[in-house]
Amino acid sequence: MIDQLVQTVGWTDSNDKCTKVSMIGIKAAVPKFHEMQEEIADEFRGDIKKFIDTKGILCAQDVLVILRRALKKNGKYISYERGSTKGLKMKNTPLYLYRII
């Protein structure tokens, strides 16, 4: 189930340490996570199920919370770094890139 979740966002599997995913990929995964929220709650009990039952998965931050908590149970973490906006039209918008470590 964890591999299915990380593939939805843009990584190849939960051991993919090279690929960096931007917030655009995470925002694109919100509808898929919303469809799968009952399956996710059944698979991961405890704090993930409580989070889904109380708040649901509605935005990119919710997807990140679910991914962080699910990966943490398997000894993996999501880190982020500030990316470069060089060549992009976004001047004052920070660009964060996420990867699994």
(message) Among Gln61, Phe33, Ser14, whose Cα projects farthest towards the positive end of the dipole of region 2-100, with charges put on the beta-carbon of Lys, Arg (+1) and Asp, Glu (-1)?
(response) Gln61
(request) Please tell me the relative contact order of the chain in percent, rounded to the nearest whole number, where contacts are Cα pairs under 8 Å and at least six residues apart. (result) 31
(request) Before rounding to the nearest 500, sum -39500 (n - 2.57) across all DSSP H runs of length at least 4 in the chain and divide by the residue total; then give [θ] at 222 nm in deg cm²/dmol. (result) -12500 deg cm²/dmol
(request) Give the calculated FRET efficiency between Tyr96 and Glu35 to the nearest 0.05, with a Förster radius of 22 Å applied to their Cβ-Cβ distance. (result) 0.30
(request) Only Lys, Arg, Asp and Glu count, each charged at its Cβ (+1, +1, -1, -1), so figure out the dipole size of the chain about its Cα centre, rounded to 20 debye. (result) 680
(request) Select one label from (i) 3.23; (ii) 1.03; (iii) 1.09: the one whose number is Cα Rg over 2.2 N^0.38 Å as derived from the coordinates shown. (result) (iii)
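Values quoted throughout were computed directly from the atomic coordinates according to the rules given, and no laboratory measurement underlies them. Worth saying up front: this structure is predicted, and the values here are computed from it rather than measured. Every residue, glycine among them, receives a Cβ derived from its backbone with ideal geometry; neighbour counts consider all protein chains shown.
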